[in-house]
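One structure is given below, encoded as structure tokens.
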Amino acid sequence: MKYIDEYRDKNLIFRLADQIRKSATGEYTFMEVCGGHTAAIHRFGIPSLLPGNIKLISGPGCPVCVTGTDFMDKAVAYSEKDDVIITTFGDLMRVPGSVTSLEKMRAAGADVRIIFSGLDALGIAKLNPDKKIIFLGIGFETTAPGTAVTIKKAELENIDNFYLLSAHKTMPAAMEEIIKGGASFNGFICPGHVAAVTGSSHFSFIPEKYRIGCVVTGFEPTDLLQSILMLIRQVNLNFPDIQIQYRRAVTGEGNILAQKQMREVFEPCDAFWRGFGVIPSSGLTLRKVYERFDAGIAIPVKVVPHEENKSCICGDILRGSKTPEDCPLFRNLCSPENPVGACMVSNEGSCNTWYKYKIT
Amino acid sequence: MDATVTLNHGSGGKLTHELISQVFAKKFEIPEPLTDSAVLKITGTTLAFTTDSYVVDPLFFPGGNIGKLAICGTVNDLAVSGAKPMFISASFIIEEGFPLAELIQIVDSMAEEAVKAGVKVVTGDTKVVGKGKCDKLFITTSGTGIMDHRLEHISSGSHIRQGDHLIINGPLGNHSIAVLGARNNLSFSTPVITDCACLNHLISGVLEKCGEVHFMRDLTRGGLAGVLNELAGMTGRDIAVDEAAVPVDDPVKGACEMFGFDPLYLANEGKVLIVAGSGSETEVLDIMRAYLPGKDSAIIGEIIPGERKLVVLNTSAGGKRILDMPSGVQLPRIC
């Protein structure tokens with residue numbers, strides 16, 4: 001298949017793996033901060049192609065994983081209302097709130113619909129004028145522009161039964177938190193699709209301020225291996241830099257139009273990240289002019305804050321300080337069928353990918 | 001187990017198995033392993049008996065409809081058990097207000113498939129329920145077929161040995177993607193048509209000409225990954241699959257890339273996995289390729305040394321990973 005097979009060429013992959021083996025003269029740990037990368041790394045079996053002195057760890061790049069229980073509890077509370085239809089990306093269906101999940105609410109009769117874009121939710125709003133349609137906006141700079149366009153369209157078409165519950169987040173502040181938290185690693189495999197929107201310059205503060213190398217990376221096996229090789233070379237030369245491996249999608253300045261949409265609709269806010277707590281200016285909330293679409297303001301619900309399971313180490317895993325196998329619950333109490341923490345729910349969560357793909 | 005039944009309990013993954021083994025098989029005292037058909041011995045004859053319900057939404061999709069599915073599914077369940085499918089029953093639960101023309105079209109498809117497969121629909125039942133009490137139309141088909149008692153081992157995989165080869169009869173995932181594309185709430189369409197087909201002629205062709213078939217199973221819910229994990233569990237053996245050798249059509253690959261699905265987990269309605277004894281794989285492959293639903297047959301893996309019940313995927317990228325049991329309905333990802 002065009003644009004796929006070229007990047008999965010076995011000969012090229014083996015050549016890259018060979019060059020990595022030759023270049024890797026020390027010990028290296030690299031962190032990927034995109035759930036898509038976590039899934040791709042394990043789905044293609046990349047760790048089995050790398051020598052033992054290269055370790056890959058996952059950061060907070062899975063939007064489902066970093067979303068707090070509180071958000072899910074709110075979504076569940078909304079789903080209990082008779083006049084509400086919840087519209088959500090598929091990944092959120094199984095995420096456990098403190099008591100239940102949207103999937104279980106749907107089984108109990110709640111109207112919860114899986115959609116593929118915010119615009120689908122707008123379509124549902126038009127078809128159901130007597131219902132309130134709440135769209136669970138989640139994701140980083142990748143999905144936030146889509147939500148922004150949806151809000152603008154709702155405004156333009158004067159749709160008055162559409163609301164957003166936003167858990168949108170932005171990446172750089174969380175990456176900075178990881179560095180400040182003292183996690184030990186030599187470079188970031190930077191998120192390709194976030195950077196397609198923001199531009200690679202979004203991450204240039206990392207090598208400049210913290211002297212940690214960054215390579216913006218694509219999602220195919222050759223992309224990942226080439227990026228690992230680029231990061232090794234940066235470490236070997238002691239020359240941390242921001243480089244773009246994923247040139248077919250990413251530029252230095254990014255997608256200006258998408259950035260503009262995002263800026264016009266959202267403004268930064270403090271946001272709660274599972275595993276980190278509140279990170280200042282790391283979330284996106286609707287600007288005052290679009291406030292009427294904010295579900296939290298238009299349809300207030302109260303949820304009781306719950307403590308998360310103390311044995312669950314999702315937080316440490318998201319900060320890169322532990323791996324799923326360090327968790328006492330992993331493969332015992334916590335599995336994809338009965339996830340305790342969010343990292344086990346999402347297809348892109350570390351625990352889920354380790355559980356599914358890792359040969360032990 | 002959960003207090004309520006969720007869609008995951010019907011996905012063909014771990015929760016489906018839990019529900020079946022802890023509720024149905026336990027209460028009805030059905031011995032494990034649970035296979036596609038019950039094999040019954042009645043004075044001198046060995047009979048295979050199976051049943052399946054069809055609730056597909058939408059009822060019509062590219063290349064087929066619920067009726068075609070209901071015949072092929074039951075015929076295939078019998079055929080993969082090593083039986084010659086013979087008689088089918090068909091029960092219809094119809095929602096009040098359902099257009100008769102559509103019902104006739106569906107029944108026409110069933111009749112046509114039955115003729116092609118050489119089976120006879122001999123009995124049935126009709127219930128009409130009030131509006132909203134069922135989703136348009138549900139069909140249940142049961143089927144029986146005569147078995148050669150020498151083939152009783154096939155559904156249990158008890159003859160499987162290290163070095164046996166895994167063969168499938170063509171590309172995976174077409175049915176799932178065709179149905180997904182046909183759902184009204186999706187804003188995309190695909191050129192993919194369902195692979196729904198009766199496989200009994202292909203299977204009997206293989207069985208008649210080759211004595212080295214050690215296992216067969218149709219790759220419906222849970223897909224190839226589901227069946228291989230069941231097989232590893234049943235036989236206690238390790239299995240290796242070569243991802244690059246598994247045929248997947250480009251439009252299916254494309255849809256999977258977009259939604260984050262894995263074609264190895266997608267449901268098929270005209271695909272069978274055959275495990276052939278070492279040395280006989282090319283013979284089986286040649287026989288399969290002579291049939292239309294087998295023209296793209298491929299050898300995709302083998303039974304490897306090791307008894308950890310692992311299914312290992314040699315990825316197309318040259319890496320290795322686990323191919324785990326599906327854990328629920330595959331959900332489209334965020335980005």
note = Residues whose modelled amide H sits under 5 Å from the amide H of B:R217, counting only those 5 or more places away in sequence or on another chain, are B:L273
key: Protection proxy ranking of B:288-296, A:341-349 - average other beta-carbon atoms within 10 Å, highest first   = A:341-349, B:288-296
key: Cα lying deepest toward the dipole's positive end in chain B, options B:H149, B:A79, B:T4, charges on Cβ   = B:T4
request  = Sort the following peptides by mean Cβ neighbour count (other Cβ atoms within 10 Å, averaged over residues), highest first: A:59-65, B:17-23.
outcome  = A:59-65, B:17-23
request  = Post the alpha-carbon centroid distance, the range B:242-320 to the range A:99-170, in whole angstrom.
outcome  = 38
request  = Could you work out how far apart the two model spin labels at A:D5 and A:R247 are, taking each label as a point 7 Å from the Cα in the direction of the beta carbon, and quote it in nm?
outcome  = 2.4
note = Note, the range A:198-213: 3J(HN,Hα) by Karplus (6.51, -1.76, 1.60, θ = phi - 60°), whole Hz, Gly/Pro = x, goes 7, x, 5, 4, 3, 9, 5, 5, 5, x, 5, 8, 10, 6, 10, x
task = Give me the distance in nm between label points sitting 7 Å out from Cα along the Cα-to-Cβ direction at B:E307 and B:A101, one decimal.
result = 6.3
ask   = What residue among B:S280, B:G132, B:C196 has its Cα farthest toward the positive end of the dipole of chain B, where the charges are +1 on Lys, Arg and -1 on Asp, Glu, each on the Cβ?
value = B:G132
Partners for B:K136 among aspartates and glutamates (Cα-Cα distance below 12 Å; same-chain residues under 8 apart left out) = B:D57, B:E95, B:E96, B:E102
remark   = Among B:A117, B:Q22, B:S91, the residue whose Cα sits farthest towards the positive end of the charge dipole of chain B (+1 at Cβ of Lys and Arg, -1 at Cβ of Asp and Glu, taken about the Cα centre) is B:Q22
query = In sequence order, what are the phi-derived ³J(HN,Hα) couplings for the range A:224-232 according to the Karplus relation 6.51 cos²θ - 1.76 cosθ + 1.60 with θ = phi - 60°, rounded to whole Hz, with x for glycine and proline?
reply = 5, 5, 4, 5, 4, 4, 4, 5, 4
query = Short version: ³J(HN,Hα) in whole Hz for each residue of the range A:270-279, in order, from phi by Karplus 6.51 cos²θ - 1.76 cosθ + 1.60 (θ = phi - 60°), x for Gly and Pro, what are they?
reply = 5, 9, 7, 10, 4, x, 10, x, 7, 10
key: the range A:205-360 - charge dipole about Cα centre, Lys and Arg +1 at Cβ, Asp and Glu -1, debye rounded to 20   = 120
note = Taking every residue of B:307-317, the Cβ atoms of other protein chains inside 10 Å of its Cβ average out to 5
message = Counting only helical runs of four or more DSSP H residues, what would the 222 nm mean residue ellipticity of the protein assembly as shown come to if each run contributes -39,500 (n - 2.57) and the total is spread over all its residues?
response = -9500 deg cm²/dmol
query = In the protein assembly as shown, what percentage of the DSSP-assigned beta bridges are antiparallel, given to the nearest 5?
reply = 55
inquiry  = Please give the charge dipole size of the range B:165-322, origin at the Cα centre, charges +1 on K and R Cβ atoms and -1 on D and E Cβ atoms. Round to the nearest 20 debye.
reply    = 360
message = Placing unit charges on C-beta atoms (Lys and Arg positive, Asp and Glu negative, everything else neutral), compute the dipole magnitude of chain B about its Cα centre in debye, rounded to 20.
response = 380
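Which of the peptides B:313-326, B:44-57 is most tightly packed, and how do the rest follow, judged by the mean count of other Cβ atoms within 10 Å per residue?
Answer by packing, highest mean first, reads B:313-326, B:44-57.
Every read-out reported here was derived from the displayed coordinates using simple, explicitly stated rules and does not represent laboratory data. Since we're looking at a predicted model, the values are computed, not measured. Neighbour counts run over all protein chains shown; Cβ positions are idealised from the backbone, glycine included.
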